[in-house]
Structure formats: structure tokens, C-alpha cells
1. For segment 152-176, name all the residues that are farther than 19 Å from HIS31 by Cβ and crowded, with 19+ Cβ neighbours inside 10 Å.
2. Applying the selection to segment 134-155, what residues are within 15 Å of the chain's Cα centre (by Cα) and in a strand (DSSP E or B)?
3. In the list THR112, THR119, which residue meets the criterion of being closer than 19 Å to VAL49 by Cβ, polar (S, T, N, Q) and out of contact with any strand residue (DSSP E or B) (no Cβ under 6 Å at 6 or more places or on another chain)?
4. Can you tell me which condition THR119 does not meet? The list is (1) in contact (Cβ under 8 Å) with a residue 40 or more places away in the chain; (2) in a loop (DSSP other than H, G, I, E, B), and all the others hold.
5. Can you find a residue that is under 21 Å from THR119 (Cβ atoms) and modelled with pLDDT under 95 anywhere in segment 81-95?
6. Which residue, of SER77, SER128, is in contact with a Lys or Arg (Cβ under 8 Å, 6 or more places away or on another chain), closer than 25 Å to LYS206 by Cβ and of a type outside the set (D, E, K, R)?
7. Identify the residue in segment 177-205 that is surrounded by 14 or more Cβ atoms within 10 Å (Cβ to Cβ) and of a type in the set (Lys, Arg) and, among all such residues, is farthest from TRP124 (Cα to Cα).
8. When the residues of segment 57-95 are narrowed to those that are of a type in the set (A, V, I, L, M, F, W, C) and closer than 18 Å to ASP45 by Cα, which ends up farthest from the chain's Cα centre (by Cα)?
Amino acid sequence: MKTSIPKDNGLTIQKLPLMESFLTVQGEGLHTGSAAYFIRLGGCDVGCVWCDVKESWDASAHPQVSISDLVGIAENSGAKIVVITGGEPLMYNLEEFTAALQSAGLKTHIETSGAHPLTGNWDWLCFSPKKFMAPREKFYQAADELKVIIYNKSDFKWAEEHAAKCADQVNLFLQPEWSKRDQMTPMIVEYVKKNPKWRISLQTHKYMDIP
């Protein structure tokens, strides 16, 4: 069951709900293999049935941490890329957060469904639309990377509908949903061979057992 939490009122937020943060290697998309510091924010109202971090949905279950502390731990990690994920991180106004990260010399990356207003200044925007809550139109032109999760055969058509709305320079990825990877991966391979504008994204961190 999705947890209802108050929506950001557009004012600057001094603290954000932190589920977890950790130094790792990006496992998905164009930046696969790159060292990155992940900051996972609590709170999500999109409600993907196959979500592997449902414990992130309830923002009230996670401590509120100041932006200055979040920037400090990211800086101390030694990574140059900071990935803001969730949950759905754009439930919050992230203007101040990204400004502080970039002032510290860090690259700001985000992974979002696009279901909430786009805030923040991003060096890389991974847009991964979900069927459970429609994305906002602004994300189609703002995205650096469109990553569509393939859960069943009908998702290929759905992926093409989203790709058609994106900017020409966007990087297009199809990624098998983890629990159905054995069924979907061969289909994705064949699809990409016939439609080479797409690339395959795998959750390599799970194959390699990297947290």
C-alpha cells in the first residue's frame, strides 16, 4: 500500500528524509562502472508493484538530514558523481541541494520517474517513466537518458511511445525487470538487434553483488 506524505509546497527545504547513502559503482545506464556516491531519499507515491526498495516509500520512517550534512558525507566519500535516487527524489524541491553539491565540485545525477515537477540543476538526468503514475512533459526534453524497465512484452511498445517524445540526443536504454530477467533479457537482445537506437541496461551491481 502506498504511503501518503505531504507534498513539497515549493519552498526551500533545509532537510531531506535520508533512507541510506553509500559509496558504490553505478550499475545501470550509460554511467555503468563509474564510482558514485548514492543518496537515497525516502518517500514515493508512484508505487511500482515490482519496486525493490519499498521500504523507501514512507518518508516518515527515515531521519531528516540537513543538506549541509548530506553534502559533507558525499564530499568525504571521494567520489565525483553523486546520484540522487529514491523513492521518488523529486517529491522535494532540490534546487538548494544541487547548488550545494555543485559548489562542492560534485557532479549531480538523478534517477526519477518524472512524476513530479523538475527542480534542481542536474549534470545527468536519468528519466525512467512508470505506468503507475504519468510523467510530466518537461522530462522528455530534459532527459539525458531514457531508461525503460521491461516487465512484459507490451512494454516494448510503451518504450517506443516515450522515446518518440524525447529529444534526438537522448540515450535510450531497455532494462529487464530483475525478477523477470531470465525471460525478458533474450527478448530485449533480439529487440535491440532489430532496433539499434536502443541499448541494453543491466543491473550489473546485482550480478556482481555490489551494494
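The values are calculated or read from the model by the stated rules, or taken from the named source; none is laboratory data. Since the structure is predicted, the reported quantities are computational estimates derived from the model, not experimental observations. Note that we place each Cβ from the backbone using ideal geometry, even for glycine, and neighbour counts take in every protein chain shown.
1. Filtering segment 152-176 for residues farther than 19 Å from HIS31 by Cβ gives 152-165, 168.
Correct list: ASP155, ALA159, HIS162.
2. Of everything in segment 134-155, those that are within 15 Å of the chain's Cα centre (by Cα) and in a strand (DSSP E or B) turn out to be GLU145, LEU146, LYS147, VAL148, ILE149.
3. Values: THR119 fails: closer than 19 Å to VAL49 by Cβ.
Selected residue: THR112, the only one of THR112, THR119 that is closer than 19 Å to VAL49 by Cβ, polar (S, T, N, Q) and out of contact with any strand residue (DSSP E or B) (no Cβ under 6 Å at 6 or more places or on another chain).
4. Every listed condition holds for THR119 apart from (1).
5. Here is the first cut: in segment 81-95, the residues under 21 Å from THR119 (Cβ atoms) are 81-95.
Subset that is modelled with pLDDT under 95: 86-87.
Yes: one or more hits.
6. Working: SER77 fails: in contact with a Lys or Arg (Cβ under 8 Å, 6 or more places away or on another chain).
From the options SER77, SER128, the qualifying one is SER128.
7. LYS180
8. Our first condition is that a residue be of a type in the set (A, V, I, L, M, F, W, C); within segment 57-95, this holds for 57, 59, 61, 65, 67, 70-71, 73-74, 79, 81-84, 90-91, 94.
After this cut, where a residue has to be closer than 18 Å to ASP45 by Cα as well, the list is 57, 59, 61, 84, 90-91, 94.
Working: TRP57: 14, ALA59: 17, ALA61: 20, ILE84: 7, LEU90: 10, MET91: 12, LEU94: 14 Å.
My answer is ALA61.
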